[in-house]
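Derivation of every value follows stated rules applied to the coordinates shown; laboratory data play no part. What you see is a predicted model; the values in this text were computed from it and never measured. With ideal geometry, Cβ positions are generated from the backbone for all residues, glycine too; neighbour counts draw on all protein chains shown.
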Amino acid sequence: MPSALILIADGTEEMEFTITYDTLVRAGVACTSAYVSREDDKGGLEIGNKTAPSFAKGSRGINILPDRYFAPLELGPDKFDALVIPGGAKGAETIATNSPVQHLVREYYNKGKIVGMICAGSLAAKTSNLPEQPLTSHPSVKSELEKDFDYSEDPVVLSKNLVTSRGPGTAFPFAFTLVELLCGKDKREEVRGPMVFPPGTPW
């Protein structure tokens, strides 16, 4: 069974997180969400000798309970087939500026695992020093990326094993691209059908 690690932080864009997570689960991908705390935040509540992540407060104020706390040594590319970073300005900043996350992004990318970034989450490509290549993001962070990457305004951009996308409105095609890469085109169509998109929807 394919597996995916999806990062989340306070300020993560809810649609980009939940649409991606939900669509992957529908395709049979085993998903794990990991809460990335701010540098000045322990990011969890002590329960006995275990640390459970607190709710992540999304960019629109919706609380989401992550599956676990971010522990990079336990979440390497030997454990998952894909690493996904959603956007949301505040959440993306927390995730992209976290040095263990940056190291993990490079590990996943260099080992050929799928790395997905959507919206401002694409900033992690820059902070992680990924090589120059085609990439997209939310328009609000275009100026921070276009000098270091071959910037595109396509809804979803696939470059080798890096998948990037633009925002909440492109979360479905982003998620379907990840499904196709992890599970194949037939599974993508199998998952898409029961969702009943309006006729003419281009993904």
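Here is how the numbers come out for the structure above:
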item	result
Extension gain (nm, one decimal) between Phe197 and Arg68, 0.36 nm per residue minus Cα-Cα	43.2 nm
Computed magnitude of the charge dipole of segment 55-99 (debye, nearest 20; Cβ of K, R +1, Cβ of D, E -1)	280 debye
Rounded if a/c under 1.5, otherwise prolate or oblate - segment 151-203, Cα gyration tensor axes	oblate
Cα-centre dipole for segment 3-195 with unit charges at Cβ (Lys and Arg positive, Asp and Glu negative), debye to 20	220 debye
Cα→Cβ-extended label distance, 7 Å offset, between Ser143 and Thr32, nm	3.9 nm
Cα gyration tensor shape of segment 3-195, rounded if a/c is under 1.5, else prolate or oblate by comparing a/b with b/c	rounded
Cα→Cβ-extended label distance, 7 Å offset, between Lys111 and Asp22, nm	3.1 nm
Selection from Ser3, Ser165, Gly88 lying farthest towards where the dipole of segment 3-195 points positive, charges on Cβ	Ser3
Interchain or long-range residues, amide H under 5 Å from Ser3's placed H	Ala30, Asp81, Ala82
